[in-house]
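One structure below.
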Amino acid sequence: MERPAWAPRSIDISVPSVSRIYDYYLGGSHNFEVDREAARRAMEFLPGLPKISQANRAFMRRAVRYAVAEGVTQFLDIGSGIPTFGSAHEVARAASPAARVVYVDHDPVAVAHSEAVLADNDDADVVAADLCKPQEILHSLQVTRLIDLDRPVALLLVAVLHFVEDADDPYAAVAELGAALAPGSLLVLTHASYEGIPMPTERAEGAVDVYKDIRNPLIMRSRDEIGRFFEGYDMVEPGLVPMPRWRPDTAPEDEDPWALSGFAGVGRRP
Ligand SMILES: C[S@@+](CC[C@H](N)C(=O)[O-])C[C@H]1O[C@@H](n2cnc3c(N)ncnc32)[C@H](O)[C@@H]1O
């Protein structure tokens, strides 16, 4: 298999990756046949995965604009993925020239591509780190340079926590990150769930098995379990809801039932 210029030498391009599979769902071009094959297998069970991914991105953009409107212009986007059109830094900068963004991902392709996209950008950077090691993120050169932790930050954990197993204690990681944030900071989060999926759970489990097979388990959590990530935050209206229902720009017409899978919410640190 030929290695394109954007694929770092260090990665094994015969093994599928979550960020490249997601890039494929979104119609991006940073994926290999091995990723497309895994994506197509998952879509045999959950054909709505591209719709779910689009609804997730659309929520992320609305939440970034909401944060800026609330005066929060610093963004820490963990599990940021491969930047495709309309990434957090583009949306944030369009809303405020003062916006600063640090992306964090543990996937080398996501990091390499973010570095390339941000090469001429002084107000955004990327850290290669794991969500489960909050201190590495918080003390990174990039966060130290761009983010003032004494002022409110929007912490984006969008479509990432469902890749962290309970054994790795995602609740502790989120609490540790939150403890470092100033009052007025926002937690912006989406998470996959069997709740809301317009098909029987047993069938959707086939897609979960595909992720297990590629050693990146997808952890479906209930609405209550997802709500626990917001402990210590006041929920912003309308609370934890299906993604298209979080402050839609326009009244939904002909809402795709797949887009209602999973949950989105924003919390504010008192
Ligand atoms: C589905 S993508 C979401 C991308 C982006 N946040 C969005 O919603 O459009 C999930 C991303 O989380 C990253 N990821 C998964 N587990 C992670 C972890 N423990 N630490 C850092 N990044 C992680 C993956 O590499 C992938 O790029």
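The values are calculated or read from the model by the stated rules, or taken from the named source; none is laboratory data. This one's a predicted model, so the numbers in the text were calculated from it and none came from an experiment. Because the Cβ atoms are built from the backbone with ideal geometry, glycine has one as well, and the counts that use them run over all protein chains shown. For accessibility, only protein heavy atoms count, side chains too; no ligands or nucleic acids. Shrake-Rupley method; radii C 1.70, N 1.55, O 1.52, S 1.80 Å.
What fraction of the DSSP beta bridges in the stretch 18-268 is antiparallel, stated in percent and rounded to the nearest 5?
Working: 9 of 27 bridges.
About 35 percent, rounded to the nearest 5.
Got a sec to turn the phi values of the stretch 154-170 into Karplus ³J(HN,Hα) couplings, 6.51 cos²θ - 1.76 cosθ + 1.60 with θ = phi - 60°, whole Hz, x for Gly and Pro?
9, 8, 9, 10, 9, 6, 10, 5, 6, 9, 10, 6, 4, 4, 8, 6, x
In terms of modelled amide H atoms, which long-range or inter-chain residues lie less than 5 Å from the amide H of Phe75?
Those lying under 5 Å, H to H, from Phe75 are Arg100, Val101, Val102, Ala154.
Around Val158, which amide H atoms from residues at least 5 apart in sequence, or from another chain, sit under 5 Å from its own amide H, with H modelled in the peptide plane?
Ile78, Thr190
What does the convex hull of the Cα atoms of the stretch 18-268 come to per residue, in Å³, rounded to a whole number?
Details: hull volume 29.4 nm³, N = 251.
Taking only Cα atoms, the stretch 18-268 has a hull volume of 117 Å³ per residue.
Under 5 Å between amide H atoms, partner at least 5 residues away or on a different chain: which partners does Ala264 have, H built in plane at 1.01 Å?
Here Val241, Met243 satisfy the definition.
Counting only protein heavy atoms and using a 1.4 Å probe, what share of the accessible area of the chain belongs to carbon plus sulfur, as a whole percent? Don't skip to the end; give the middle numbers.
On the way: 6080 of 12090 Å².
On the chain, the fraction of accessible area on carbon and sulfur atoms equals 50 percent.
Relative contact order of the stretch 1-97: what whole-number percent is it, with Cα pairs under 8 angstrom and at least 6 residues apart?
24 percent
For the stretch 182-195, in order, what is each residue's ³J(HN,Hα) by Karplus, 6.51 cos²θ - 1.76 cosθ + 1.60 with θ = phi - 60°, in whole Hz (x at glycine and Pro)?
With the stated coefficients, the stretch 182-195 comes to 6, x, x, 5, 10, 9, 10, 9, 10, 7, 6, 7, 6, 5 Hz.
Over the stretch 18-268, calculate the relative contact order: mean separation of alpha carbon pairs under 8 Å at least 6 apart, over the residue count, as a percent.
Working: 461 pairs, mean separation 51.8, N = 251.
Reported as a whole number, the value is 21 percent.
Scan the chain and report its longest stretch carrying no GluC sites (Glu not before Pro) that are both in a DSSP loop and have at most 10 other Cβ atoms within 10 Å. Spell out each step's value before the answer.
Values: sites that count: Glu2, Glu253.
Between exposed loop sites, the widest span is 3-252.
What are the ³J(HN,Hα) couplings of the stretch 68-80, residue after residue, when phi is run through the Karplus curve with 6.51, -1.76, 1.60 and θ = phi - 60°? Round to Hz, x for glycine and proline.
4, 4, 8, x, 9, 10, 10, 10, 10, 10, 9, x, 6
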